[in-house]
Amino acid sequence: MATLSVPDITINYDLSGSGPRLLVFNGSGGTIEAAALLVGYLANHFEVLIHDQRGLGATTVPAGPATMAEYAADAASLLDHVGWQTCNVFGISFGGMVAQEFAVTHPERVERMTLLCTSPGGEGGSSYPLHELAMLPPAERQEISRRNLDSRFDDQWLATHPGDQAMVKLMTDRALAERSIEQRRGELLQLEARSHHDVWDRLGLIASPTLVACGVFDGTAPVANSQAIHSRVAGSVLRIYEGGHMFAYQDRRALPDIVAFLQGNELSDPSGDPLPAQ
């Protein structure tokens, strides 16, 4: 791990692997530590740069409100710091929102990009308002969170799908993990910034080959939102996988497709139709 100081925070980051350069933007509440398995997989194919986004993990919690523009600016500063003029970009969920903000602000720095289970905001559609969950009773909050992961996830489904059940438990345990007041403040700043995400009118500025990927049963970022991104990004490819918000772990074809795309290879089925279950 290493750090970079910018005017209002100190950013914790990590470089691993070798190959084409890949900047990874993590999801809501995500940290380098929590993304270790994903980064390990990607590092088999790329030189991966990932950071704890402002307010999260070992990165400083800013004093005031955070904006999507600031999350994108942090990444640009980090690229300057490590000497990367351009790179590939991988954004998942909230990270996909930051990746869009980064790509419309710095299109010349993005070689190829993958946007997973995310939304453009504005008239293109927003992801589920996670900042509102805290106001709900615990049982209702848990039920919505479960359906946000995958609209099929009820007791009957999970009883017969142990892999999905383990995923729900992992996410529940993560949500219930003890946090300091400062850690919680950082997460709330991120959720507030997320609630204002809107690149809809700027998506045409994205100049890189882009793969937009989603899960057909995603309750957080509906398929229509990925279709909207695809409609505004010239030459983009849309793939709809079997699974929900965590389709990258549910459909074994997803991550190999993402790696292939970022490496500049053609996908076997570049259509936007839902892929059949395997």
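The values are calculated or read from the model by the stated rules, or taken from the named source; none is laboratory data. Model, not experiment: these values are computed from the prediction. Using ideal geometry, Cβ is built from the backbone for each residue, glycine included, and neighbour counts are taken over all protein chains shown.
For the reader, a short list of remarks on this structure follows.
- Scanning the stretch 148-165 for residues that are of a type in the set (Asp, Glu) and crowded, with 16+ Cβ neighbours inside 10 Å turns up ASP150, ASP164.
- Qualifying residue in the stretch 203-211 (condition: closer than 25 Å to SER236 by Cα, in a helix (DSSP H, G or I), in contact with a Lys or Arg (Cβ under 8 Å, 6 or more places away or on another chain) and not acidic (Asp, Glu)): yes
- Of the strands (runs of 3 or more DSSP E) lying entirely inside the stretch 1-109, those containing at least 2 residues that are in contact with a His (Cβ under 8 Å, 6 or more places away or on another chain) are 10-16.
- Within the stretch 175-201, being in a helix (DSSP H, G or I), over 30 Å from HIS230 (Cα atoms) and among the hydrophobic types (A, V, I, L, M, F, W, C) holds for ALA175, LEU176, ILE181.
- Of everything in the stretch 230-257 that is of a type in the set (D, E, K, R) and assigned to a helix (DSSP H, G or I), the residue that is nearest to ASP218 (Cα to Cα) is ASP257.
- Given (1) of a type outside the set (A, V, I, L, M, F, W, C); (2) over 21 Å from PHE217 (Cα atoms); (3) surrounded by fewer than 16 Cβ atoms within 10 Å (Cβ to Cβ); (4) in contact (Cβ under 8 Å) with a residue 24 or more places away in the chain, number of the condition PRO129 does not satisfy: (2)
- Any hit, the stretch 39-52, residues being under 24 Å from CYS214 (Cβ atoms), crowded, with 24+ Cβ neighbours inside 10 Å and touching a Phe, Trp or Tyr at 6+ places or on another chain (Cβ under 6 Å): no
- Residue pairs whose Cβ atoms lie under 7 Å apart, separated by 6 or more positions or on different chains, with the first residue in the stretch 43-55 and touching a residue at least 12 places away in the same chain (Cβ under 8 Å) and farther than 14 Å from ALA2 by Cα and the second surrounded by fewer than 24 Cβ atoms within 10 Å (Cβ to Cβ) and of a type in the set (Val, Ile, Thr), are HIS45/VAL259; ARG54/ILE9; GLY55/VAL61.
- Here THR172 fulfils each of the conditions (1) in contact (Cβ under 8 Å) with a residue 40 or more places away in the chain; (2) of a type in the set (Val, Ile, Thr); (3) not in a loop (DSSP other than H, G, I, E, B) apart from (1).
- Tally, over the stretch 141-169, of residues that are of a type outside the set (A, V, I, L, M), within 30 Å of ARG54 (Cβ to Cβ) and part of a helix (DSSP H, G or I): 7
- When residues in the stretch 12-49 are screened for being of a type outside the set (Gly, Ala, Ser) and more than 20 Å from ASN88 (Cβ to Cβ), 3 of them pass.
- There is at least one residue in the stretch 54-74 that is crowded, with 19+ Cβ neighbours inside 10 Å, in contact with a Leu (Cβ under 9 Å, 6 or more places away or on another chain) and among the acidic types (Asp, Glu).
- Close pairs (6 angstrom Cβ cut-off, 6 or more residues apart or separate chains): over 22 Å from PRO62 (Cα atoms) in the stretch 8-37, small (Gly, Ala, Ser) anywhere: SER16/ALA43; GLY17/ALA43
- Residue in the stretch 109-116 that is among the basic types (Lys, Arg) and touching a helix residue (DSSP H, G or I) at 6+ places or on another chain (Cβ under 8 Å) present: yes
- Pairs, first more than 30 Å from GLU143 (Cβ to Cβ) in the stretch 207-221, second in a loop (DSSP other than H, G, I, E, B) and modelled with pLDDT of 95 or more, C-beta under 6 Å, six or more apart: THR210/VAL233; THR210/SER236
- Scanning the stretch 1-34 for residues that are at pLDDT below 95 and aliphatic (A, V, I, L, M) yields MET1, ALA34.
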